[in-house]
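The values are calculated or read from the model by the stated rules, or taken from the named source; none is laboratory data. All values derive from a computational prediction rather than experimental measurement. Every residue, glycine among them, receives a Cβ derived from its backbone with ideal geometry; neighbour counts consider all protein chains shown. We work out accessible area using only protein heavy atoms, side chains counted, and drop any ligands, DNA or RNA first. Shrake-Rupley method; radii C 1.70, N 1.55, O 1.52, S 1.80 Å.
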Amino acid sequence: MNPTHEPTIGPPEWLALLFPPDRWAATGCFRKRIDESMLREIAGADYQQGAERHLESLMPVWQGEEWDELDHWYPQEVLELIRWSEPDVEEWKPGGKGVRGHRMRAFSCAVLLATSNHAATNETVIQLLESALVVGPEALAALAGFLLWKIPRIGRGDDRPFFVLAVVAIARFVVPDLTETREEELARWLAEEEAAERNYLAGFDNEEVESPWLFGLSVNEMRKPKWEALLRRLQAEYPERPLARLMARCWNP
């Protein structure tokens with residue numbers, strides 16, 4: 001790898017044309033998909049403690065105002081609680097159920113990831129991606145645009161390859177006629193990002209050189225099974241294609 005630990009290639013140029021990078025793409029999409037009752041439910045996620053103050057902090061975001069940082073408690077605490085929600089698990093609390101719950105979770109995750117003083121992790125990304133897949137293609141396109149804005153702003157050691165994997169998966173899912181050449185470009189981008197992360201971490205610990213592909217590069221493992229399910233889906237739905245071949249070479253679950 002090059003001494004700067006950075007990949008020699010970035011996202012393919014056509015990807016930014018398809019999904020224009022935009023900090024507010026995801027929040028703009030998901031805020032329109034929740035109503036005030038859902039916003040109030042998010043605000044009350046901490047056993048209704050401080051619900052009105054959380055709501056007051058969330059209201060400008062829901063109404064479309066831009067921001068940079070958010071208070072670590074009002075409203076980040078309730079956003080983080082909804083981030084962990086599982087809308088398809090009937091007994092899970094707090095959070096909504098079904099599509100309604102996925103919209104709430106997507107909004108919460110999108111706001112957190114767009115907030116500069118929130119530590120972005122792969123766990124938040126996979127929760128957001130899973131919900132966007134439920135909400136639909138327009139949500140996936142908005143998420144891809146946001147992630148393309150976000151990725152250059154993520155440092156090494158901060159799960160950046162997972163953000164790349166999310167964009168790659170979205171492109172594969174929403175572009176039905178994706179050519180072999182373009183999918184190969186996506187696979188190369190993902191492989192280079194993973195190698196750059198591995199090379200960077202090896203500068204602190206030589207054992208990182210031999211750590212498992214992708215998953216060995218992060219300490220954030222609470223939602224690892226969901227990432228593994230995403231990889232299996234890509235392999236199953238698009239076999240004998242560049243991304244499936246990359247996984248066959250590198251991933252050994």
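A few notes on this one:
- Of the residues making up segment 205-220, one or more are among the hydroxyl-bearing types (S, T, Y), surrounded by 15 or more Cβ atoms within 10 Å (Cβ to Cβ) and over 17 Å from F19 (Cα atoms).
- Sole residue being crowded, with 18+ Cβ neighbours inside 10 Å and under 19 Å from V125 (Cβ atoms), chosen from E194, E228, E183: E194
- Some residue of segment 133-140 being of a type in the set (A, V, I, L, M, F, W, C), touching a residue at least 60 places away in the same chain (Cβ under 8 Å) and touching an Asp or Glu at 6+ places or on another chain (Cβ under 9 Å): no
- Complete set of residues in segment 50-89 that are of a type outside the set (S, T, N, Q) and either modelled with pLDDT under 95 or in contact with a strand residue (DSSP E or B) (Cβ under 7 Å, 6 or more places away or on another chain) (or both): H54, L58
To keep it simple, each residue is scored yes or no on (1) under 24 Å from L133 (Cβ atoms); (2) in contact with a Pro (Cβ under 7 Å, 6 or more places away or on another chain); (3) open to solvent by less than 50 Å² (accessible area, probe 1.4 Å).
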{"residue": "S57", "(1), (2), (3)": "no, yes, yes"}
{"residue": "R83", "(1), (2), (3)": "yes, no, yes"}
{"residue": "R105", "(1), (2), (3)": "yes, yes, yes"}
{"residue": "L112", "(1), (2), (3)": "yes, no, yes"}
{"residue": "S116", "(1), (2), (3)": "no, no, no"}
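- Tally, over segment 199-222, of residues that are on the phi > 0 side of the Ramachandran plot and free of Cβ contacts under 8 Å to residues at least 12 places away in the same chain: 0
- Qualifying positions in segment 160-181 - in contact (Cβ under 8 Å) with a residue 24 or more places away in the chain and not in a helix (DSSP H, G or I): V175
- Residue tally, condition within 21 Å of L129 (Cβ to Cβ) and without any contact (Cβ under 8 Å) to a residue 24 or more places away in the chain, over segment 25-55: 1
- Residue in segment 138-153 that is crowded, with 17+ Cβ neighbours inside 10 Å and either more than 16 Å from the chain's Cα centre (by Cα) or among the hydroxyl-bearing types (S, T, Y) (or both) present: no
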